[in-house]
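This report concerns only the one structure given below.
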């Protein structure tokens with residue numbers, strides 16, 4: 001799965017790359033590490049307003065949810081079961097691009113992950129790209145406040161990611177630039193699942209010592 005990403009580019013670079021304007025520049029904070037379990041606000045582009053870059057919270061909360069506790073379990077959505085899962089099946093047409101220029105994964109050298117190696121993965125040259133995601137807008141039944149949230153779609157790991165994410169063998173769906181509009185415009189989700197769909201990735205170890213025996 002994918003729970004750790006980065007977006008370190010300047011606002012002007014992001015806007016130019018995605019041909020969209022940042023809705024609230026005060027929320028735009030480049031960082032080398034977004035941790036999903038902090039439920040951070042991240043830059044996304046929703047298919048209902050493709051010319052705007054918004055900042056929504058990671059961890060999709062379905063409209064029917066009585067509270068926000070579910071967000072701990074909706075950070076990622078497996079594309080293979082997306083149409084069957086109660087949390088996601090009503091949101092398959094509410095699509096978003098999650099903006100980043102890298103993500104992190106750990107290769108395990110033992111069954112409990114005590115001995116592991118951190119990798120940074122991207123599309124090369126630290127370029128910007130988009131993860132495929134789904135979004136929801138939730139209203140808190142207790143106080144009427146609203147929260148805008150998203151989840152990241154994942155698929156079976158390709159050859160590179162199978163070697164790195166060697167226990168669960170999953171990876172986030174990263175869209176080719178020329179396919180971002182297809183995703184937003186409603187192309188069948190199955191089209192974007194591995195092995196039918198894939199993108200060239202590069203990985204770099206972040207550890208000075210690769211293995212500790």
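Taken together, the values in this text are just the output of simple stated rules run on the coordinates, not laboratory data. Just so you know, these numbers come straight off a predicted model, no measurement behind them. Quick reminder, even Gly has a Cβ in these numbers, built from the backbone with ideal geometry, and neighbours come from all protein chains shown.
Restricting to Cα atoms and excluding each atom paired with itself, what does the Kirkwood estimate give for segment 132-213 in Å?
15.5
If you take every DSSP beta bridge fully contained in the chain, what fraction is antiparallel? Give it as a percent rounded to 5.
Taking every DSSP beta bridge with both residues in the chain, the antiparallel ones total about 85 percent.
Quick one: Debye curve from the alpha-carbon atoms of segment 4-205 only, equal weights, vacuum; give me log10 I(q)/I(0) at q = 0.13, 0.15 Å⁻¹ to two decimals.
Debye output, listed in q order: -0.69, -0.94.
Given springs between every Cα pair under 10 Å in a Gaussian network model of the chain, which of 133, 124, 102 has the largest fluctuation?
124
Which order do peptides 114-121, 81-88, 149-156, 38-45 fall in by mean Cβ count within 10 Å, highest first?
Descending mean neighbour count gives 149-156, 38-45, 114-121, 81-88.
Return the Rg/Rh ratio of segment 1-43 with Cα-based radii and a Kirkwood Rh.
With Rg and the Kirkwood Rh in hand, the quotient comes to 0.98.
Looking only at 64, 106, 138, which one moves most when the chain is put into a Gaussian network model with springs between Cα atoms under 10 Å?
The residue with the greatest mean-square fluctuation here is 64.
Find the Rg to Rh ratio for segment 109-165, where Rh is the Kirkwood radius over alpha-carbon pairs and Rg uses the same atoms.
Here Rg/Rh amounts to 1.16.
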